[in-house]
Amino acid sequence: MNAAVLFDVQQASLGYQQRAILHGLNLRIHAGEKVALLGESGAGKTTLLRHLRTLRPDEVAWCPQHSGLVPMLSVFHNIYMGRLDRHSLLYNLANLLHPLQQPRQDIQRIAADVGLQEYLFTSVEKLSGGQQSRTNLARALYQQRAVFIGDEPVSAVDELQADQLMALICARHDTVVVALHDVELALRHCTRIVGLRAGVIELDQPAAGSSAATLCRLYAAT
């Protein structure tokens, strides 16, 4: 592959809160790949995603599983927080008090893309879990970065919405690395499957030619 290497992790042991989770990890991800991480809860998907994010923090649109949305603020303002670091404090305060024309137009388009156009100025605490998940995703999309890293970004929505949102993620970002729980969704939208099990990479293969039955073995009892 001639594409540039974006992430290169070699013989790494990664953990969380001083607890080792992944061992002897070797993973190289090139620009343009759409990578799905599969595996049971606790297999190390979140740990790996967090580590990848630290390698290129200014190039990654980050969509965590635990969103950290501000409940009393509107959908608009929670999405806007995706670009807080690009503006001055005064600009951000002005936009908090009275949404400015350009960010309002940009965020309206993104809200429409994820089906939240009717809730733009509704406080997040009044939304359903699926709507909050879409707000979290919209905040990442608003960052407009070439690389998207997401930890179960569509797990809280129904199957049809998940399919539509994954298509949107892949269309808007050159490179995608996502943890998913839906094997079929991974096969439809990603070009590469990385399977984690018991702290190691058990499989790493193209999505084309992979079968759902084979990938489901990642979830079989040991």
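Just so you know, all these numbers are worked out from the coordinates, no wet-lab data involved. Everything numeric in this text was worked out from a predicted model, so none of it was measured. Heads up, the Cβs are rebuilt from the backbone with ideal geometry, glycines too, and the neighbour counts pull from every protein chain shown.
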Inset, instruction - Would you calculate the separation in nanometres between label points at ARG217 and LEU73, each defined as 7 Å from the Cα along the Cα-to-beta-carbon direction? - result: 4.7
Inset, instruction - Grab the other residues whose beta carbon is less than 15 angstrom from that of GLU40, score K and R as +1, D and E as -1, and report the net. - result: -1
Inset, instruction - Would you mind calculating the relative contact order of the chain from Cα pairs under 8 angstrom and at least 6 residues apart, reporting the percent as a whole number? - result: 28
Inset, instruction - Determine the relative contact order of the range 68-144: mean sequence separation of Cα pairs under 8 Å and six or more apart, normalised by residue count, in whole percent. - result: 52
Inset, instruction - Would you mind calculating the gained length between ASP158 and GLN101 on full extension (0.36 nm times residue separation, minus the Cα-Cα distance), in nm to one decimal? - result: 17.2 nm
Inset, instruction - Report the full-extension gain for the segment LEU89 to ASN2: residue separation times 0.36 nm, less the Cα-Cα distance, to one decimal in nm. - result: 27.2 nm
Legend entry - With Cα atoms, 0 to 90° folded angle of helix 159-172 axis to the chain main axis: 90
Inset, instruction - Please check which bits of the range 1-38 a label hung off HIS66 would reach, taking the label as a point 7 Å along Cα-to-C-beta and the cut-off as backbone N under 18 Å. - result: 15-21
Inset, instruction - Grab the DSSP H runs of the chain that are 4 residues or longer, score each as -39,500 (n - 2.57), total them, divide by all residues and round the 222 nm result to the nearest 500 deg cm²/dmol. - result: -10500 deg cm²/dmol
Legend entry - Taking N as its residue count, the alpha carbon Rg of the range 94-140 over 2.2 N^0.38 Å: 1.12
Inset, instruction - Sticking with the crude label model, points 7 Å out along Cα→Cβ, report the distance from ASN26 to LEU55 in nm, one decimal please. - result: 1.4
Inset, instruction - Could you list the square roots of 5 times each eigenvalue of the Cα gyration tensor of the range 107-201, that is, the equivalent ellipsoid semi-axes, sorted largest first and rounded to whole Å? - result: 25, 15, 12
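Say R0 is 25 Å: what FRET efficiency, to the nearest 0.05, do GLU202 and ARG19 get from their beta-carbon distance?
So, using R0 = 25 Å, E works out to roughly 0.80.
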Inset, instruction - At 10 °C and 1.306 mPa s, grab the translational diffusion coefficient of the chain from Stokes-Einstein with a Kirkwood Rh over Cα pairs, rounded to a whole number in µm² per second. - result: 87
Legend entry - Cα lying deepest toward the dipole's positive end in the chain, options VAL154, ILE110, ALA212, charges on Cβ: ILE110
Inset, instruction - Of all alpha-carbon pairs in the range 75-119, indicate the percentage at a distance above 15 angstrom. - result: 37
Inset, instruction - Collect residues whose amide H, placed 1.01 Å from N in the peptide plane, falls under 5 Å from the amide H of PHE7; neighbours closer than 5 in sequence don't count. - result: ILE29
Legend entry - ALA61 long-range amide H proximity, modeled H, under 5 Å: ARG145, VAL147, PHE148, ILE149
Inset, instruction - Stick to the Cα atoms of the range 1-106, pair each with every other, and give me the Kirkwood hydrodynamic radius in Å at one decimal. - result: 16.8
